[in-house]
Amino acid sequence: MTRRIFGSRTATGIALAAFAATAVADTGIRPDDWQGLAPLPSHRQTSVDIVDRLRDGHFVKKGLTDEVSSQTFDNYLDFLDPRRLHFLTDDIAEFENYRYQLDDALNEGDVEPAFAIYNRYRQRALERIEYEAKLIQRGVGLIDFTLDESIDVDRTDAPWPDSREALEDLWRLDLKSRALSGKLAGESFEAIGEALAKRGQNRARTIRQTRSEDVFQRFVNAFALTYDEHTQYFSPRDSEDFGIFMSLSLQGIGAVLGTEDEYTVVRSLVKGGPAEKGGELQPGDRIVAVSQNRQPFVDIIGRRSDDVVQLIRGPKGSRVRLKVIPTGAKEEDLRVVEIVRESVNLVDQSASRSLLTMSRDGREHRVGVVVVPTFYADFRAMEKGDRSYKSTTRDVAKLIEELKAEGMDALIIDLRHNGGGSLQEAVELTGLFVDSGPVVQVKSLRGSTRVLGDDDGAAVWDGPLAVMVNRGSASASEIFAGAIQDYDLGVVVGSRTFGKGTVQTLVELPRGRGQLKVTERKFYRISGASTHYNGIIPDIEYPAPTDLLHRDRWDGGAIGGRGSDVAPIRHPSAQRFGTHVDALQRRHEERVANDPDFAYLRARGEYLEGLQARTKVSLSEETRLAEKAADDARALRLENELLVAKGKEPVASFEELGDPQLAMLAIYDPENPAEDVLVQETANILVDYLDLSHGIALADGSAKATVQ
């Protein structure tokens, strides 16, 4: 009788003993991987510099105490092993000697404790790869999927395993879960085994590629987190990437790269970039070697993705040659692509616009939609005096002028999923809608409050305005939306925003050792209210099931808790929407009460909420199939209810929908606002406002949109 592994602990132990002497397939682990890492000489002084700058420059004044040391210790363990699948209770007991020593160690620049803890994690991670490789080699087909076993969805607060046997059982269950997922997807046992083995090899390669700088950065950020969640240390390389994110520009070839197995793969090409214009590099191509200015090629197979990016980036006008395996070609079918680097604008994050024509009761109203994905500005170009520097405000002002030229009657600013960015840009963007006046109050670490505002005396748009927000809208987005509410310039719609009421400053560390993003100020609305943890509450709220996917945010650190208010600032009021909000709310509710899309949103939200409430995942195939059948049936019922409500025929399966993406996922579609349910309703609210404010006799009901 064949013994089944992946069953009870006893059965697993017997099975392993039976083939302990058998050669194990390639795990991807090399002998040097077990040696661990050590601090670099530069880490001592960099650590001291970071401690000094946080002590002197952070909004919250506090010293290095045992409490800070203990918090750093816990944060670091959570960073390394969040699911508690690697460390044993004995490991944690050993590490406890460091709990109240890290404050002194940080102050002296001693990061040896951090590396000692990391190297134990590294050891356990490699042991896990070897253990799983043995189970995989024994045979995925021997896994017993009839047992009533399960795994926890969230092990954040679970106890550390108290024995090697308990630890290996967690590894067994985790591997079994992945194998069951493959089986339920219709994969063969051979394919599942190959995929699991490849994943182990990839994990080994990731461990091998981890550098001392990575460990140092993780540890220092565990300390920075004791101040607040937005204070962060950037290594020299990460500093460059952050600058690119803020400026939305870089000098390179304009390709988005990813990693598959050991290959660097072209994911996509940036529109208008040199790679796209050249036409020789295509998505799916694998890059195997890089040459700078006709120097010898450097093999990049198996290299870290950030190393590859550094090789491919370079100054404008310089040349780079790439050895490429074209999509679908064999490994020996190499070709060389030569590209001249240029300045590349990351247009996907730039503001964009469209124009909706809303028809209601025989009248047409043109509603402009401007999507602002982030608040960006090319600070380096500004510092150099470049008059054509790129920024959110400049781009949006241009887009509004274009929309005005096309006869726009009302405007939507879409800030959904805009996580913020430049404080200056938030103020200046608000200035496009305010003649002059305060925009935000900023409280410094010394306790003084400064008012930032607009004083140019002219607004680019003073007509009907709506601002769309959701849980993903934060920081600069909240400054803008809050100011629009406080001035009563427009109506804010959507769901409660994230609640980030702090301002960070980038501090250059000496000798090019990176940057420190430090929270040095808190901002408040001109009404005096804090957005920190409170967020912006929309005037009209929408059901937003995707927001349920955002779990509760971290609420610790020195700034933890809800922000206190400050005194309000006198400011004028446009008095545009305040007197109409109740009527707008009433019309909105009447319109969506029986609207199939909004009914779908509400039902979908309840469905996702139920999925999130589950705490365990069954590893019984029969149970999982039953759960999946019930989940699929409910999800399909929601889809069919939407189809029938729209006068269409129901479907028997998701395949008949013609698109694997559910309707809910199409609700946020900045490229197709006329198909975006929430954008359409926002436009309807603006048409309602035109009715209420100008006395236009419009029939009740929704206006229908077309896009231009």
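The values are calculated or read from the model by the stated rules, or taken from the named source; none is laboratory data. Model, not experiment: these values are computed from the prediction. Here the Cβ positions follow ideal geometry from the backbone for every residue, glycine too, while neighbour counts run over all protein chains shown. Each accessible area value is taken on the protein alone, full model and side chains, heavy atoms only, with ligands, DNA and RNA left out. Shrake-Rupley method; radii C 1.70, N 1.55, O 1.52, S 1.80 Å.
Translational diffusion coefficient of the stretch 561-647 (Stokes-Einstein, Kirkwood radius from Cα pairs, 25 °C, 0.890 mPa s): 139 µm²/s. Hey, if you drop one equal point scatterer on each alpha-carbon of the stretch 287-375 and run the Debye formula without solvent, what base-10 log of I(q)/I(0) do you get at q = 0.11, 0.24 Å⁻¹? So the normalised log intensities are -0.54, -1.16. Helix 9-18 sits at what angle to the longest principal axis of the chain, using alpha carbons and giving 0 to 90 degrees rounded to 10? Its long axis makes an angle of about 50 degrees. Could you tell me the distance between the Cα centroids of the stretch 134-213 and the stretch 269-348, to the nearest Å? Rounded to whole Å, the Cα centres lie 35 Å apart.
Atom-type composition of the exposed protein surface of the stretch 99-166 places 40 percent of the accessible area on carbon and sulfur (1.4 angstrom probe).
Heavy atoms of the protein chains alone define the surface here; on that basis the stretch 43-90 has 40 Å² accessible area per residue at 1.4 Å probe size. Estimated from helices alone, the mean residue ellipticity of the chain at 222 nm is -12500 deg cm²/dmol (sum of -39500 (n - 2.57) over DSSP H runs with n ≥ 4, per residue). Note on the chain: the C-alpha convex hull projects to 34.9 nm² when averaged across all orientations.
Considering only GluC sites (Glu not before Pro) in DSSP loops that have at most 16 other Cβ atoms within 10 Å, the longest stretch of the chain without any of them is 407-670. Go through LYS61/LYS443; LYS198/LYS271; LYS198/LYS616; LYS61/LYS522 and tell me which ones have a Cα-Cα distance over 23 Å in this structure. Correct reply: LYS198/LYS271; LYS198/LYS616.
Averaging 1/r over each pair of different alpha-carbon atoms in the stretch 260-416 and inverting the result gives 18.9 Å, the Kirkwood hydrodynamic radius. In summary, the stretch 469-548 shows an alpha-carbon radius of gyration equal to 1.32 times the 2.2 N^0.38 Å reference for compact globular proteins. According to the square roots a ≥ b ≥ c of the eigenvalues of the Cα gyration tensor, what is the shape class of the stretch 439-509, taking rounded for a/c under 1.5, prolate for a/b larger than b/c otherwise, and oblate for the remainder? Because a/c hits 1.5 or more and a/b fails to exceed b/c, the stretch 439-509 counts as oblate.
Treating each Cα of the stretch 372-476 as one equal point scatterer and applying the Debye formula with no solvent, the log10 of I(q)/I(0) at q = 0.19, 0.24 Å⁻¹ comes out as -1.12, -1.44. With a 1.4 Å probe and all protein chains left in place, how much of the accessible area of the stretch 423-489 comes from carbon and sulfur atoms, in whole percent? That fraction is 41 percent. Relative to the dominant Cα principal axis of the chain, helix 189-209 is inclined by about 80°.
Modelled this way, with points 7 Å down the Cα-to-C-beta line, the labels at VAL581 and ASP455 are 3.0 nm from one another. Sorted into 5 angstrom bins from 0, the C-alpha pair distances of the stretch 106-208 split as 2, 10, 18, 20, 19, 13, 7, 4, 3, 2, 1, 0 percent.
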